[in-house]
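What follows draws every value from the coordinates through simple rules; no lab data is involved. Since the model is a prediction, treat every value here as computed from it, not as a measurement. Glycine gets a Cβ as well: all are built from the backbone with ideal geometry, and neighbour counts include every protein chain shown.
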Amino acid sequence: MRDDAVVLGVGMTAWGKWGRPFVDYGVAAAREALDDAGIEWAEVDLIVGGQTVRNGYAGYVAGSTVAGALGFTGAQVATVYGACASGAMAIDHGRAYILAGLADVVLVVGADTTPKGFLAPNAGERPDDPDWLRFRLLGATNPAYFGLYARRRMHLYGATESDFAKVKVKNSRHGVDNSRARYRNEVAEEEVLASAVVASPLHLLDICATSDGAAAVVLCSAGYAARRAVTERSAGRPKVRIAAVSTVTPAFPDTGLGLPDIATDSTAVLPPPPRSFRDSIAHAAYEQAGIGPEDVDVAEVYDLSTALELDWYENLGLCPAGEAEQLIGRGATALGGDAATVNPSGGLACFGEAVPAQAIAQVCELVWQLRGDALGRQHDGARVGISANQGLFGHGSSVIVVR
Amino acid sequence: MSVTKPAVPAVAGWFTTDDRPVLLGSRCEACGVVAFPPRSHGCPKPHCRRTEQSSYPLARTGRVWSFTDARYQPPPPYLSPSDPYEPFVLAAVELDADGLVVLGQMVEGCAAADVHVGLPVELVVESLFETDDAVQLVWKWRPQADA
């Protein structure tokens, strides 16, 4: 493996719905990550922010907004956006700086303040914007797409609403002891099935909320980590390295009907590629890290819906297509189960979604797991962690961390 | 009265409004790849550099690939045609030709219980919503009469 970027520090606010300025959350997470790394803000060579599109101009330039809030130091800055994949894209950018020798220390931060209810396009008439058009012409909300994927799973593999509910039950148990989680109550299968149907076959408790929150990581070069290790706080704790960041796009023809698509690509002239888009996201990460699904101890995946978490089991190669229901049914992906633990943090089921922070939050959890610091939700002896998510408009996101 | 209002497509150039309406995709003049919505910026096939795309009528029948319903009113820019809001069914339909899946609402009055994966459907045009001066039209899927 290459001498890859080291995750020197992680920080994360609690997730909730407070309506404070997003920058407040971002600064809190950034300060915690800097403290955790044992370094001063002034030592940071580059700050990378994940953009938020719902918080005005300050959100479009989130990197410099947080830098200014911490106090401008002359550090280099970038702000990136890849919808739900923004956090991985931000980590990717910071890691590339380190691998290129352009920076020793990078701060990556994502923060969001979200509105109530469905995520929707910003106001205005934009008939050339596919995201605007899917709402105007079809009323196709995000949960509608989750419902379509879930029903497809039922058709292909005989999945049931009960199988989906079991994912919520598992994740709710994982989140009970996670002090940063927004929802920390255990949920029973019957409660999921008794909650209102939002987009059949999915119930309210199958679908993740939207939340306020922020997450940050401090990355550094291997050389910098070695120089500091003797004296700093990080001494004595396992060194966690980035082993892969996958931010792949789909390959034509993409048959996945991703958000906000109104139609898939046509396969009439060219057959689909050997891997679906979601399969290719993890595959690229595994290839980069030189490992495979059998090596994974913990996975943080984007459970926008319970059914989607089952899709991810297969996309990550934790089981063959059509067998995810067996995994959740026998508790294989729960803490103490016989497969990789999936969403030990409690996942989006317990956090809700804070778009530009979420992919960074996934990495924070993996780092805590690899350090053995995940109190009350620890996968014992975890050495390899993978995250996976997908952003609107063809954004793959998967990060592998190892110790 | 709404009958006096002109009926116009809610989006220009994506579908016809005759008795047997069709979705209008684009077709690459070089390699024949079809796309919907119609593309103005060239062929979606990565190694095809042709920008010339002609209008192409897609198959107007297909089978339901998956479906769901919208039990709660979607936020703007969706405009509900009824007050109070009435849930509708969304279907992703695999066309009988052309090799793609196209999303659309099922016709008014169709409930999720009326739909199953594999159901044969055909394309129709219905009112999406009305403004003060026009009826906005959109494509929808209707179960085939003999299905």
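The phi-based Karplus calculation (6.51 cos²θ - 1.76 cosθ + 1.60; θ = phi - 60°) puts the 3J(HN,Hα) values of the range A:386-403 at 10, 10, 8, 7, 9, x, 3, 6, x, 10, x, 7, 8, 10, 10, 10, 9, 10 Hz, whole numbers, x for Gly and Pro. Computed from backbone phi, the HN-Hα couplings of the range A:178-193 come to 8, 5, 8, 6, 7, 10, 10, 9, 5, 10, 8, 3, 5, 5, 4, 5 Hz, rounded to whole numbers (Karplus: 6.51 cos²θ - 1.76 cosθ + 1.60, θ = phi - 60°; Gly and Pro given as x).
With N set to the residue count of the range B:42-84, report its C-alpha Rg divided by 2.2 N^0.38 Å to two decimal places. Write out the running numbers ahead of the final one.
On the way: Rg = 18.3 Å, N = 43, 2.2 N^0.38 = 9.2 Å.
The value comes to 1.99.
Using every pair of distinct Cα positions in the range B:59-143, the Kirkwood expression returns a hydrodynamic radius of 13.4 angstrom.
Where does each of A:58-66, A:382-390, A:343-351, A:265-273 land if you order them by average Cβ count within 10 Å, highest first? Before the final figure, lay out each step's value.
Numbers: A:58-66: 22.3, A:382-390: 26.0, A:343-351: 29.0, A:265-273: 18.1.
So the peptides A:58-66, A:382-390, A:343-351, A:265-273, ranked by packing, come out A:343-351, A:382-390, A:58-66, A:265-273.
Close amide-amide hydrogen proximity is noted between B:Val22 and B:Thr16, each under 5 Å apart and 5 or more residues distant or on a separate chain (H modeled in the peptide plane; Pro and chain starts excluded).
In chain A, which whole DSSP H runs stretch at least 24 Å along their own axis (Cα) and average -1.0 or higher on the Kyte-Doolittle scale?
Values: long enough: A:355-371 (25 Å, 0.68).
Helix filter hits for chain A: A:355-371.
Each of A:Met89, A:Leu133, A:Ala75 was scored by the projection of its Cα onto the charge dipole of the range A:72-201, and the greatest displacement toward the positive side belongs to A:Leu133; charges sit on the C-beta of Lys, Arg, Asp and Glu.
With θ taken as phi - 60° and the Karplus curve 6.51 cos²θ - 1.76 cosθ + 1.60 applied, the whole-hertz 3J(HN,Hα) list for the range B:19-32 is 5, 10, x, 9, 6, 9, x, 10, 10, 5, 6, 8, 10, x Hz, x standing for glycine and proline. Measuring between their Cα centroids, the range B:52-117 and the range A:143-177 lie 23 Å from each other.
If the chain linking B:Ser127 and B:Ser40 were pulled fully straight, counting 0.36 nm for each residue of separation and taking away their Cα-Cα distance, it would gain 28.7 nm. Counting only Cβ charges, +1 for Lys and Arg and -1 for Asp and Glu, the dipole size of the range B:59-143 around its Cα centre is about 320 debye.
Remark: C-alpha extents of chain B on the principal axes read 50, 37, 30 Å, sorted largest to smallest.
Between the amide H of A:Glu353 and those of A:Ala209, A:Thr210, A:Ser211, distances stay under 5 Å, these residues lying 5 or more places away or on another chain, with hydrogens modeled in the peptide plane. Stokes-Einstein diffusion for the protein assembly as shown, with the hydrodynamic radius set to the Kirkwood value over Cα pairs and evaluated at 10 °C in a medium of 1.306 mPa s, equals 66 µm²/s. Explain nothing, just the number: relative contact order of the range A:218-287, from Cα pairs under 8 Å at least 6 residues apart, as a whole percent. So the answer I get is 30 percent.
Averaged over its residues, how many other protein chain Cβ atoms are within 10 Å of peptide B:57-70's Cβ atoms? List each step's numbers first, then the result.
Numbers: counts 0, 2, 0, 0, 0, 0, 0, 2, 7, 12, 8, 18, 7, 10.
What the average comes to for B:57-70 is 5.
Hey, got the average number of other protein chain Cβ atoms within 10 angstrom for residues in B:74-87? Mind dumping the intermediate values first?
Working: counts 13, 9, 7, 17, 11, 3, 1, 0, 0, 0, 0, 0, 0, 4.
Across B:74-87, the average partner-chain Cβ count within 10 Å equals 5.
Lys/Arg Cβ at +1, Asp/Glu Cβ at -1, dipole of the protein assembly as shown taken about the Cα centre: which of B:Val117, A:Val218, A:Ala58 is farthest positive-ward? My answer, from the dipole projection, is A:Val218.
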